[in-house]
Amino acid sequence: MAILDDIYQSVLKGDMNGATEGVNKALADNLDAAEILNKGLIAAMTKVGRLFEQGEYFVPDMLIAARAMQASTALLKPKLVEADIKPLGKIVIGTVQGDLHDIGKNLVVMMLEGIGFEIIDLGADVSPEKFVEAVKEHSAEFMAMSALLTTTMMVMKTSVEALEEAGVRDKVKVMIGGAPVTQKFADEIGADIYAPDGSSGARKAKESLGV
Ligand code: B1M
């Protein structure tokens, strides 16, 4: 459908005005909100993620696409709530205690939201206790941690241990990432998913649910 393709292309180019105008027009034409979300916005963000993984898109391309997506999703939200569309799952996310770097984490949030997850964003400098509290409070399916400093990445280990101590380790998948973090480190601390960037993080989280 031409209007869905316009929305898709606008998000791909990071054209926020084009994307929001397209969504408004699609809603005025009585198109289904879920169809606009899935075939226009999420399809475009999935493509953006792929282009990034292939080295054709860079962080700024992802950021402007994600902004176009977020502005458009905000327009759809009331209709989606009305239609009771279920998110893929809940993800509690934050940058670990002692670490104030949140640009990468915010990018990961955008990609996770873009693919259909509900996000509980705890911000930066999040203690293990706060992570565990939020996982329990929201019955989250995932706990996602970001760290940019070699000195703070060890807090990821403490946070996994805090989940174990609280008796909820088996209720949640742990996803980690950030510049100094590696698959080897993820294996060492018993994390379930390591992702080097937001798009692969979103893809891996979705795949882990078998959908
Ligand atoms: Co800081 N800083 N910084 N800094 N800073 C780094 C990280 C550093 C590598 C710079 C350097 O020395 N070359 C270095 C760390 C060295 C180390 O530990 N090995 C460093 C340092 C030392 C520091 C301070 C200690 C400096 C000082 O005060 N002496 C200090 C620490 C403050 C603190 O946190 N307690 C500090 C402060 C800051 C600013 C506040 C000024 C600012 C942060 C602002 C903010 O985030 N709001 C800042 C910045 C901007 C950087 C650099 C320049 C850029 C980081 C960034 O945003 N990258 C950085 C150098 C660099 O990386 N080139 C540096 C862009 C972002 C999109 O990438 O965050 O890697 P990134 O996220 C990626 C992936 O890693 C991944 O996906 C993202 C998108 O692709 N990813 C995940 C991230 N989280 C993920 C989670 C996942 C999955 C994937 O699942 C949950």
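The values are calculated or read from the model by the stated rules, or taken from the named source; none is laboratory data. Remember, it's a predicted structure, so these values are computed and weren't measured experimentally. Using ideal geometry, Cβ is built from the backbone for each residue, glycine included, and neighbour counts are taken over all protein chains shown.
Considering region 123-162, the residues that are away from the ligand (no atom under 14 Å from the Cβ) and charged (D, E, K, R) include one that is farthest from the chain's Cα centre (by Cα), namely Glu161.
In region 122-141, the residues that are of a type in the set (Asp, Glu) never reach a residue that is within 14 Å of the ligand (Cβ to nearest atom) and in a helix (DSSP H, G or I) with C-beta atoms less than 6 angstrom apart, at least six apart or across chains.
Restricting Asp187, Asp170, Asp197 to residues that are charged (D, E, K, R) and within 11 Å of the ligand (Cβ to nearest atom) narrows the list to Asp197.
Of the helices (runs of 4 or more DSSP H) lying entirely inside region 134-211, those carrying at least 1 residues that are β-branched (Val, Ile, Thr) are 154-165, 183-189. Taking region 28-70 as the range and being of a type in the set (Gly, Ala, Ser) and surrounded by 15 or more Cβ atoms within 10 Å (Cβ to Cβ) as the test, the residues that pass are Ala33, Gly40, Ala43, Ala44, Gly49, Ala65, Ala66, Ala68. Among the residues making up region 173-206, a single one is of a type in the set (Asp, Glu) and either under 12 Å from Leu112 (Cα atoms) or not assigned by TED's automatic domain parsing to the domain that holds Glu161 (or both): Asp197.
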